[in-house]
1. Those residues that are farther than 19 Å from Ala32 by Cα and part of a helix (DSSP H, G or I), I need them from the range 113-160; list them, please.
2. For the range 69-123, which residues satisfy the criterion of being farther than 20 Å from Asp146 by Cβ and of a type in the set (D, E, K, R)?
3. Return yes or no: is Ala186 surrounded by 15 or more Cβ atoms within 10 Å (Cβ to Cβ), under 13 Å from the mean Cα position of the chain (by Cα) and not hydroxyl-bearing (Ser, Thr, Tyr)?
4. Hey, could you check the range 155-165 for residues that are in contact (Cβ under 8 Å) with a residue 24 or more places away in the chain and not β-branched (Val, Ile, Thr) and say which is most open to solvent (accessible area, probe 1.4 Å)?
5. Scan the range 91-102 and give yes if some residue there is aromatic (Phe, Trp, Tyr), surrounded by fewer than 21 Cβ atoms within 10 Å (Cβ to Cβ) and assigned to a helix (DSSP H, G or I), otherwise no.
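The values are calculated or read from the model by the stated rules, or taken from the named source; none is laboratory data. What you see is a predicted model; the values in this text were computed from it and never measured. Counting neighbours? That spans all protein chains shown, and the Cβs are built from the backbone with ideal geometry, glycine included. SASA here: full protein model, heavy atoms, side chains in, ligands and nucleic acids out. Shrake-Rupley method; radii C 1.70, N 1.55, O 1.52, S 1.80 Å.
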Amino acid sequence: MADGAERPLLTFDLDGVLARPPLGLNLTINRALQGQPATQEGAAPGEGGWTFWERLLARAYYPLRYGGRSPLPEAAAAVAAAAQRYRVSLLSARNWRGRAATEGWLHRHGILPYLDAVHLNDSGAPAAQFKRERARLLGVVRHVEDDAATAALLARDGVQVDLIDWPRNRGLAYPPDVTRRESLHAFIAALQAEARTATD
């Protein structure tokens with residue numbers, strides 16, 4: 001295995017990929033494959049310090065919103081499998097103020113030790129735009145996603161996208177670099193097949 005610094009970077013989305021959405025219904029998938037114009041809303045972390053309301057959100061709202069979600073089947077196994085060939089990070093559009101709740105969830109479900117970093121939305125940009133800009137900055141070569149608009153936007157930038165299947169992301173004309181995966185189990189199987197091919 002190559003040294004960690006030499007391995008390409010693969011990122012995972014969180015909600016709908018590793019974490020089960022509320023009630024198991026992934027209704028927030030954006031089907032607009034042409035994306036949305038980038039907008040900047042809100043301050044970056046650290047600007048002016050934490051306000052009372054930001055502290056309240058971090059300590060009460062985000063743990064309540066995210067803490068009780070269950071992982072999707074084989075979430076930790078998928079991240080562990082990817083870490084055999086890639087450097088692995090989390091790239092989620094969750095608000096950066098929910099970092100403590102997010103990292104706590106990742107730790108409880110055995111995922112955090114495999115991650116080099118956790119990237120949350122500190123820009124105020126829409127989810128797809130945030131992920132595209134951060135993927136460019138980080139040099140992401142592969143990303144595991146559930147959102148249709150994000151998958152298309154990243155693929156048009158040359159990122160290989162593994163799209164985890166949900167009803168709302170079906171039936172769309174994706175760019176060639178988007179590959180549908182029925183589940184994380186199918187993603188793991190694809191990684192294993194690629195590893196066998198690489199050693200033949």
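1. Hits for the range 113-160 are Pro113, Tyr114, Arg134, Ala135, Arg136, Leu137, Leu138.
2. Those that are farther than 20 Å from Asp146 by Cβ and of a type in the set (D, E, K, R): Arg85, Arg87, Arg97, Arg99, Glu103, Arg108, Asp116, Asp122.
3. Judged against the criteria, Ala186 is not a match.
4. Asp157
5. Yes: the range 91-102 contains one or more residues that are aromatic (Phe, Trp, Tyr), surrounded by fewer than 21 Cβ atoms within 10 Å (Cβ to Cβ) and assigned to a helix (DSSP H, G or I).
Residue-wise test of (1) closer than 15 Å to Asn30 by Cα; (2) open to solvent by less than 50 Å² (accessible area, probe 1.4 Å); (3) at pLDDT 95 or above.
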{"position": "Ile111", "(1), (2), (3)": "no, yes, yes"}
{"position": "Pro126", "(1), (2), (3)": "yes, yes, no"}
{"position": "Gly139", "(1), (2), (3)": "no, yes, yes"}
{"position": "Asp146", "(1), (2), (3)": "yes, yes, yes"}
{"position": "Ala152", "(1), (2), (3)": "yes, yes, yes"}
{"position": "Pro167", "(1), (2), (3)": "yes, no, yes"}
{"position": "Leu172", "(1), (2), (3)": "yes, yes, yes"}
{"position": "Val178", "(1), (2), (3)": "no, yes, yes"}
{"position": "Ala190", "(1), (2), (3)": "no, yes, yes"}
